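Take a look at the structure set out below.
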Amino acid sequence: MSTDAPQSKEAAVKLADSDFSNDRRKHDMNSALLDYWHKIKAGELGALPAILGLIALIALFTALKPETFLSKGNIANLATQALPITILAMGLVFVLLLGEIDLSAGVASGVCATVMAKLMADSGQPWYVAVLGAIAIGVVIGTVIGWLVAFLRIPSFVVTLAFFLGLQGITLWLIGEGGTVPVRDDFVVALSNKNMPIWLGWALSIACVVAYTATLLLRWRRQNVRNLHSKPLGFVIAQCAVVAAALLISTYVLSLDRAPSPLITLGGIPWGVLLVGALLVICTFVLGRTGYGRHIYAVGGNAEAARRAGINVTRIRISVFMIASALAAISGIVAASRLNSVATDAGGGNTLLYAVGAAVIGGTSLFGGRGKARDAVLGGLVIALIANGLGLLGTKAYLSYLITGVVLLFAASIDALARRRRSGAGR
């Protein structure tokens, strides 16, 4: 009896290992694609709608304006045009992951940009003091909003609507009615108007490709060593190849000379693109590789279950508004850099709507619990493509508003329908 038990136990372990190994071997490229198709059918769309939208918009505007849309100068202009909205949307992703909303993010960026410009123009402070001061103001704004939402339980829609109105008054008070504050600091102006050296752009692109490929391959190897479910190696290599092609082709195009005159040379990746890339890496790491990021998804999925699991829901709620307002401050700084000034309407108008639209179009759910930092980049590119392409076509303003509104409504509808499919599939 005692000798049979260990033998039966060993046999059971071998049988389980054999079955698991067989299951893992069966997970080839075809099965991976089939699994992905089942996820799509169940409402797990991810960034697919945004990617398909980007491809469709590029094809459409290329066909309508082949001589200008894909020109070297317009591609660089498109990259710069998307910077402020993309950064603002990246901060809103954190808020939307909880199923909350921040209507004040746009005007908060204007207030922070005003503080930076006033510190440099009126107080003579160096750029780093002014920039840190602007970001600190953003953090304070986010802290107050988060405290009102988390502790007083005032709906975020109401709190941020009040801040949306109040912060516009603060900007008007700081600048003066009808006034502007110039931004002339070389470092700040360079964010949106200068390009990095071509060799540095290539070096950073190659480093990003190597780091991304190494990260995915090491993760795949680690999962296989531990007998965990993993994607097929071919799928991982294909994913690395697509990202590498996108980065290297973009670097090649932006490194071409796009100067209108042969007397000067103008080429290289804009410094603002490097800033967005750095923020994307940081936000992706925070959301995907830290306990704090997992807590955000948990609270967004089910706040009560997260609370019972020991997660400090109040702290999470406050922190996401702080992050959103801090990134709004950076967005305002980049926008001021592009315009070389800050006006009383900074961050107003359609800034917030475009940023929310960018996050939703990219794949972040309005209902919380689903979204990634990359969604802001993809959605920001879609918004910038629409504005840029319609501008090249000479479309009237009312049509531009209508088309952008239809795109946003379409993205929100896809999100709602996908959520219904996920609920039906029990996901």
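Among (1) assigned to a helix (DSSP H, G or I); (2) within 22 Å of VAL188 (Cβ to Cβ); (3) modelled with pLDDT under 90, which single condition is GLY348 missing?
The one condition GLY348 does not meet is (1).
Looking only at the stretch 138-170, how many residues end up being among the β-branched types (Val, Ile, Thr) and surrounded by fewer than 23 Cβ atoms within 10 Å (Cβ to Cβ)?
The number of residues fulfilling the criteria is 7.
Could you tell me whether LEU390 is surrounded by fewer than 20 Cβ atoms within 10 Å (Cβ to Cβ) and out of contact with any Leu (no Cβ under 8 Å at 6 or more places or on another chain)? Don't jump to the end; show me each part of the working.
Numbers: surrounded by fewer than 20 Cβ atoms within 10 Å (Cβ to Cβ): yes; out of contact with any Leu (no Cβ under 8 Å at 6 or more places or on another chain): no.
No; evaluated as a whole, the condition is false for this residue.
Can you find a residue in the stretch 148-158 that is closer than 25 Å to LEU83 by Cα and aliphatic (A, V, I, L, M)? Explain how you work it out, then say what you get.
Here is the first cut: in the stretch 148-158, the ones closer than 25 Å to LEU83 by Cα are none.
No, the stretch 148-158 contains no residue that is closer than 25 Å to LEU83 by Cα and aliphatic (A, V, I, L, M).
Within the stretch 183-205, track down each residue that is assigned to a helix (DSSP H, G or I), touching a Leu at 6+ places or on another chain (Cβ under 8 Å) and of a type outside the set (S, T, N, Q). Working first, answer last.
Initial filter on the stretch 183-205 (assigned to a helix (DSSP H, G or I)): 186-193, 198-205.
Checking the rest, the ones that are also touching a Leu at 6+ places or on another chain (Cβ under 8 Å) come to 191-192, 201, 204-205.
Those that are assigned to a helix (DSSP H, G or I), touching a Leu at 6+ places or on another chain (Cβ under 8 Å) and of a type outside the set (S, T, N, Q): LEU191, GLY201, LEU204.
What residue, of LEU274, LEU263, LEU254, is open to solvent by 30 Å² or more (accessible area, probe 1.4 Å), of a type in the set (A, V, I, L, M) and in a helix (DSSP H, G or I)?
Values: LEU263 fails: in a helix (DSSP H, G or I); LEU254 fails: open to solvent by 30 Å² or more (accessible area, probe 1.4 Å).
When all the criteria are applied, what remains is LEU274.
Output the residues belonging to the stretch 180-189 that are in contact (Cβ under 8 Å) with a residue 60 or more places away in the chain, out of contact with any Phe, Trp or Tyr (no Cβ under 6 Å at 6 or more places or on another chain) and more than 14 Å from VAL111 (Cα to Cα). Give the derivation first.
Of the stretch 180-189, the ones in contact (Cβ under 8 Å) with a residue 60 or more places away in the chain are 180-185, 187-189.
Then keep just the ones that are out of contact with any Phe, Trp or Tyr (no Cβ under 6 Å at 6 or more places or on another chain); that gives 180-184, 189.
Those that are in contact (Cβ under 8 Å) with a residue 60 or more places away in the chain, out of contact with any Phe, Trp or Tyr (no Cβ under 6 Å at 6 or more places or on another chain) and more than 14 Å from VAL111 (Cα to Cα): PRO182, VAL183, ARG184, VAL189.
Please go through the stretch 46-78 and give me each residue that is within 18 Å of PRO260 (Cα to Cα) and aliphatic (A, V, I, L, M), ordered by number.
Once the filter is applied, which keeps residues that are within 18 Å of PRO260 (Cα to Cα) and aliphatic (A, V, I, L, M), the stretch 46-78 yields LEU70, ILE75, ALA76, LEU78.
Inspect the stretch 109-132 for any residue being among the aromatic types (Phe, Trp, Tyr) and open to solvent by less than 10 Å² (accessible area, probe 1.4 Å) and give the result as yes or no. Even if it seems obvious, please write down each step before you answer.
So in the stretch 109-132, the residues among the aromatic types (Phe, Trp, Tyr) come out as 127-128.
From what's left, open to solvent by less than 10 Å² (accessible area, probe 1.4 Å): none.
No, every residue in the stretch 109-132 fails to be among the aromatic types (Phe, Trp, Tyr) and open to solvent by less than 10 Å² (accessible area, probe 1.4 Å).
Given LEU98, LEU33, which one is in a loop (DSSP other than H, G, I, E, B) and modelled with pLDDT of 65 or more?
Values: LEU33 fails: in a loop (DSSP other than H, G, I, E, B).
On inspection, the qualifying residue turns out to be LEU98.
Quick one: which residue in ALA418, ALA411, ALA336, ALA329 is open to solvent by less than 50 Å² (accessible area, probe 1.4 Å), more than 21 Å from GLY293 (Cα to Cα) and touching an Asp or Glu at 6+ places or on another chain (Cβ under 8 Å)?
Numbers: ALA411 fails: touching an Asp or Glu at 6+ places or on another chain (Cβ under 8 Å); ALA336 fails: touching an Asp or Glu at 6+ places or on another chain (Cβ under 8 Å); ALA329 fails: touching an Asp or Glu at 6+ places or on another chain (Cβ under 8 Å).
The conditions single out ALA418.
Among all residue pairs at least 6 apart or on different chains, which show Cβ distances below 6 Å where the first residue, located in the stretch 310-338, is under 17 Å from PHE163 (Cα atoms) and the second is open to solvent by less than 10 Å² (accessible area, probe 1.4 Å) and of a type in the set (Phe, Trp, Tyr)?
VAL320/PHE94; ILE323/PHE94; ALA324/PHE94
hydroxyl-bearing (Ser, Thr, Tyr) and at pLDDT 90 or above, is that true of SER205? Give the derivation first.
Details: hydroxyl-bearing (Ser, Thr, Tyr): yes; at pLDDT 90 or above: yes.
Here the answer is yes, as SER205 does meet what is asked.
Out of (1) open to solvent by less than 30 Å² (accessible area, probe 1.4 Å); (2) over 30 Å from LEU119 (Cα atoms); (3) in a helix (DSSP H, G or I), the odd one out for ARG315 is which?
Condition (1) is where ARG315 drops out.
The values are calculated or read from the model by the stated rules, or taken from the named source; none is laboratory data. Note that this is a predicted model, so its numbers are computed, not measured. As a convention, Cβ positions derive from the backbone with ideal geometry for all residues, glycine included, and neighbour counts pool all protein chains shown. Please note that ligands, DNA and RNA were not included when accessible areas were found on the heavy atoms of the full protein model with its side chains. Shrake-Rupley method; radii C 1.70, N 1.55, O 1.52, S 1.80 Å.
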